[in-house]
Each structure stands twice: as C-alpha cells, then as structure tokens.
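Worksheet: one structure, shown below.
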Amino acid sequence: MSAIANFKKRRLAEKAKTGDAQATIRPETTALKLLSQLLGCDESKAIETAQKYVEQNITFYCEDDLPTLHVDSEKEQIDVSPVEDATDELNESINTASNAAGEIESAADKASDAASDLAYQADDINAANSDLKDTVEELKKPSAAQESSNSKSKTKQKNSSKK
C-alpha cells in the first residue's frame, strides 16, 4: 500500500473513534491539500510526487529567492560616469548655494549694523536740534541788561548854518 492510502485509513479510523467533525480540518489535511495544489496533482499522489522531486534534488523557490539568470561575466557593464558627473555638479551647486547663503547672511548683519548706527545718529541729531531750539528761544528773549545810552553827538541837534 502507498503511504497516502495508509494515511487516509488512519484518518478515517481516527475520525470514527472521535466522532469529531473537526478531525477532517487538521493541519495535516490542509498541508496535503496545499502540497497537491503546489505540485498540480491529486491529493492521493501529492506525497509521492513530492518524494520524487526531493530524490531528483528539484527545489522550488519563492519569487524573492529565485537565482539570477545572468552569470557575472555575462552581465552588461553600465556606464555610470554621467551619474557621477551629475553628482559632482550637484555637489558644486550645493557648495555655491551654501557660500551664497553665507554671504547673504554677512550682508544682512552689515545692514543691521548700519541701521543701528543710523538710529543712534538720528537720536544725536534730534538731541542737537533740541539744544539748538532751546538756544534760539533763549536768544529771542529780551535782555535784562540796561540799554546803552546814546552818545552826545547823536542826541545833539545839528546846527544848520546859513550862509
């Protein structure tokens, strides 16, 4: 008898003993169904077919595990120099942009310093204007000192001589 037939007899005997309806849904039966689907044969021949494949050293792989079809010597060499050139140009552009950003930051600092100096100078000019205004107002006030007297020559009446 084949291994499959023995397996089926044991399952039927076990099912009859337990009277369990779930006895048919066991990992063994599920595995057998899956194996038969993978090998593309009946469940009764699945184990025999799998044994033949094992004896012949035939293995199955997942898509991720498939071996490459190319031998290293047959692989086509790809020219990566354009990519390297583009990478170098990109790095140069990045460096240029970084330098420009540093120069812009320096110019902004200088502009900020100039604005601060201008604000201090404006405060100084306003203070000078205030002082000048106070001085002009002081000068416009009438003097408290006596006015000087007119000299005699200015007060003396002129004689007109008639000839």
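Numerical summary
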item: Listed residues I104, I4 arranged by accessible area, highest first, probe 1.4 Å; result: I104, I4
item: Local net charge near S44, Cβ-Cβ under 15 Å (Lys/Arg +1, Asp/Glu -1); result: +3
item: Simple label model, 7 Å out from Cα along Cβ direction - N129 to A31, nm; result: 9.9 nm
item: Label-reachable residues, the stretch 110-128, where backbone N falls under 17 Å from a point 7 Å from E137's Cα toward its Cβ; result: 126-128
item: Cβ-derived FRET efficiency at R0 25 Å, A13 paired with E43, nearest 0.05; result: 0.90
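The values are calculated or read from the model by the stated rules, or taken from the named source; none is laboratory data. None of the values given here were measured: they were computed from a predicted structure. Note that we place each Cβ from the backbone using ideal geometry, even for glycine, and neighbour counts take in every protein chain shown. For the accessible areas, the whole protein counts, side chains as well, though only heavy atoms, and no ligand, DNA or RNA atoms are used. Shrake-Rupley method; radii C 1.70, N 1.55, O 1.52, S 1.80 Å.
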